[in-house]
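K.L.:
Sharing a structure here in structure tokens format.
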Ligand SMILES: C[S@@+](CC[C@H](N)C(=O)[O-])C[C@H]1O[C@@H](n2cnc3c(N)ncnc32)[C@H](O)[C@@H]1O
């Protein structure tokens, strides 16, 4: 006779908690008691490796077509709304040749999704907070810059507190055709926003500190004169909320990045509250994700 002894459920839960604490599995992971193979860490959770791959498949274009269908079905864009698929390919080649900067987490599917969203929204006033070295802004503003631009926007503004990155962004946009409307501001967005007038019909949030930067700032005990460094998305959104006309779109990157979960939770609760936005859509297309909120 063969016997198998299993530790208690409590012990299993403690072991799993340790894995969560060390960032090895998702905070929402749960042990699957019915998994074949006995005691092992078969847990159900949001897997970043899988989601990373999901953002990099040959079905990129079809995934974005389905996202566009959803927007039409829900009445957020006209049924005739569309975007230039060939322009995405040439824009991608243009950026690959001309843009220089550090690693970026935007997956190809996310790039196309962003390009499609701006194409179908056709905002006149675009604002990105945390525009880094310009790559994310180049996708956000893609349909209004470059040789194949679909339309001319009135304002395309990118703000980042990192002056070196803004310098790189300026150099990058100088190499692109028909990108003269792009205005880059090297300043803390919390201060710069005081000078940005409404209306803002499409805002893109990328401005946040890494967890280790937040922890270091909090540990140092030094007060940032502009306020807390964590929860920046919500701080910035509240600052400009009154400048968003009805129907304005706000998108926030990394809503599904589990390392940013604590940072994003209050933001997501705010935008998913009907009192603030009529609709909020989570695009679960890669490891980072994108939240599009419609005022
Ligand atoms: C990590 S980057 C975003 C990168 C993007 N996810 C990508 O993959 O390319 C976040 C940016 O926010 C900027 N940032 C942080 N706090 C800011 C603030 N208070 N005002 C403006 N920019 C800020 C940082 O300088 C940084 O360039």
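Derivation of every value follows stated rules applied to the coordinates shown; laboratory data play no part. Note that the coordinates shown come from a computational prediction; the quantities given were computed from them, not determined experimentally. Here Cβ is always computed from backbone atoms with ideal geometry, including for glycine, and neighbour counts include all displayed protein chains.
K.L.:
If I model the chain as equal point scatterers sitting on the Cα atoms and use the Debye formula, what is log10 I(q)/I(0) at q = 0.08, 0.10, 0.13 Å⁻¹?
P.N.:
-0.39, -0.59, -0.94
K.L.:
So, by mean Cβ neighbours within 10 angstrom, what's the order for 85-95, 196-206 with the highest one leading?
P.N.:
Numbers: 85-95: 16.3, 196-206: 20.4.
Per-residue Cβ counts within 10 Å, averaged per peptide and sorted highest first, yield 196-206, 85-95.
K.L.:
What nm distance separates the two modelled labels at residue 11 and residue 259, each placed 7 Å from Cα along Cα→Cβ?
P.N.:
Using points 7 Å along Cα→Cβ, the separation is 3.4 nm.
K.L.:
OK, next. How many angstrom lie between the Cα centre of the stretch 47-119 and the Cα centre of the stretch 226-290?
P.N.:
The distance from the Cα centre of the stretch 47-119 to that of the stretch 226-290 comes to 20 Å.
K.L.:
Next question, about the same structure. Taking each pair of different alpha-carbon atoms in the stretch 44-184 once, compute 1/r for the pair, average those values, and report the inverse of that mean as the Kirkwood hydrodynamic radius in Å to one decimal.
P.N.:
On the way: mean 1/r = 0.0634 Å⁻¹.
After inverting the mean inverse Cα-Cα distance, the result is 15.8 Å.
K.L.:
Report the Stokes-Einstein translational diffusion coefficient (µm² s⁻¹, integer) for the stretch 159-205, Rh taken as the Kirkwood radius over Cα pairs, at 4 °C with viscosity 1.567 mPa s. Show your work: numbers first, answer last.
P.N.:
Working: Rh = 11.9 Å.
Translational D for this selection: 109 µm²/s.
K.L.:
Which parts of the stretch 115-134 would a label at residue 79 reach, counting a residue when its backbone N lies under 20 Å from a point 7 Å out along Cα-to-Cβ?
P.N.:
Answer for this model: 120-121.
K.L.:
Another question about this same structure. Just want the ordering: 277, 270, 140, from fewest to most Cβ atoms lying within 10 Å of their own Cβ. Don't skip to the answer; put the middle values down first.
P.N.:
Working: 277 21, 270 18, 140 27.
Arranged by neighbour count, lowest to highest, 277, 270, 140 become 270, 277, 140.
K.L.:
Same structure, new question: Under a plain spin-label model, where a point goes 7 Å from the Cα along Cα-to-Cβ, how far apart in nm are residue 32 and residue 187?
P.N.:
In this crude spin-label approximation the distance works out to 5.2 nm.
K.L.:
Sticking with this one: Please list, short to long, the whole-number percent of alpha-carbon pairs of the stretch 92-139 in consecutive 5 angstrom bins beginning at zero.
P.N.:
Taking all Cα pairs of the stretch 92-139, the binned fractions are 4, 18, 29, 28, 16, 4 percent.
K.L.:
Compute the angle between helix 108-121 and the longest alpha-carbon principal axis of the chain, please, reported from 0 to 90 degrees and rounded to the nearest 10.
P.N.:
50 degrees
K.L.:
In square nanometres and to one decimal, what's the mean projected area of the convex hull around the Cα atoms of the stretch 228-295?
P.N.:
Details: hull surface 17.5 nm².
Value for the stretch 228-295: 4.4 nm².
K.L.:
Ok, one more. Neighbouring Cβ atoms within 10 Å as the yardstick, rank 144, 282, 288 fewest first.
P.N.:
Numbers: 144 23, 282 15, 288 20.
Final ranking by Cβ density, sparse to dense: 282, 288, 144.
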